[in-house]
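What follows is a set of notes on a single structure, which appears directly below.
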Amino acid sequence: MSAGRGIPYWVAARVGQRFYYGWAIATVVLLANLSVFAFNPGFGLFITPLEATFGWHRSEIAFSLTVGTVVGALLAPVLGVLVDRFGTRRLMIAFGLASAACYVWLAHVQALWQFILGVALIYPLSRVGVGEMIGSVNVNRWFVRRRGRAMGMV
């Protein structure tokens, strides 16, 4: 009657036949993109508290995001070579852990240069490393027939 753990056998048989593992990969990439892309719109919410707490100017705070964007643009070609050499799984994990370490760094900043360095590292590591580039490569490698649908979801 059941296929273990309370799942009816007909559900397990149907899911086993029709489920493509690429959709799990696309879902993970979607979740990674959602966590990464929340940084850019959310950044503006912290400008006023950073001004009040540290006394920095808006232009200095916004400059950190500009530096991060430039570093991300410079990192993208290098990342393409790294993807071909090491694969997407290892790099996505490495860039995710490096982004988490940068967030811990940002929690302890005391000077403007520390903040600029933290944002200049987080933005390219998370956005280019985890989000846009590696996620797109993963989805493109897993899908042929429904690539457009999967890329649209991601």
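The values are calculated or read from the model by the stated rules, or taken from the named source; none is laboratory data. For clarity, every value in this text was computed on a predicted model and none was experimentally measured. Here the Cβ is made from the backbone with ideal geometry for all residues, glycine too, and neighbour counts use every protein chain on show. Ligands, DNA and RNA are excluded from the accessible area calculation, which covers all protein heavy atoms including side chains. Shrake-Rupley method; radii C 1.70, N 1.55, O 1.52, S 1.80 Å.
Worth pointing out:
- Of the numbered criteria (1) surrounded by 15 or more Cβ atoms within 10 Å (Cβ to Cβ); (2) part of a loop (DSSP other than H, G, I, E, B); (3) of a type in the set (D, E, K, R), the one Arg127 fails is (2).
- Subset of segment 100-126 (residues that are in contact (Cβ under 8 Å) with a residue 40 or more places away in the chain and under 23 Å from Ala24 (Cβ atoms)): Ser126
- Residue match in segment 104-121 (condition: of a type in the set (A, V, I, L, M, F, W, C), touching a Ser or Thr at 6+ places or on another chain (Cβ under 7 Å) and within 30 Å of Gly22 (Cβ to Cβ)): no
- Where a residue in segment 20-42 is closer than 17 Å to Arg89 by Cβ and its partner, wherever it lies, is open to solvent by less than 20 Å² (accessible area, probe 1.4 Å) and aromatic (Phe, Trp, Tyr), with Cβ under 6 Å and at least six apart: Gly22/Phe143
- Single unsatisfied condition, Val109 versus (1) open to solvent by less than 40 Å² (accessible area, probe 1.4 Å); (2) in a helix (DSSP H, G or I): (2)
- The number of residues in segment 97-147 being out of contact with any helix residue (DSSP H, G or I) (no Cβ under 6 Å at 6 or more places or on another chain) and at pLDDT below 85 comes to 2.
- Counted residues, segment 127-150 - those being more than 15 Å from Phe37 (Cβ to Cβ) and of a type outside the set (Gly, Ala, Ser): 12
- Residue count for segment 135-153 under the criterion of being exposed (fewer than 15 other Cβ atoms within 10 Å of the Cβ) and more than 17 Å from the chain's Cα centre (by Cα): the result is 6.
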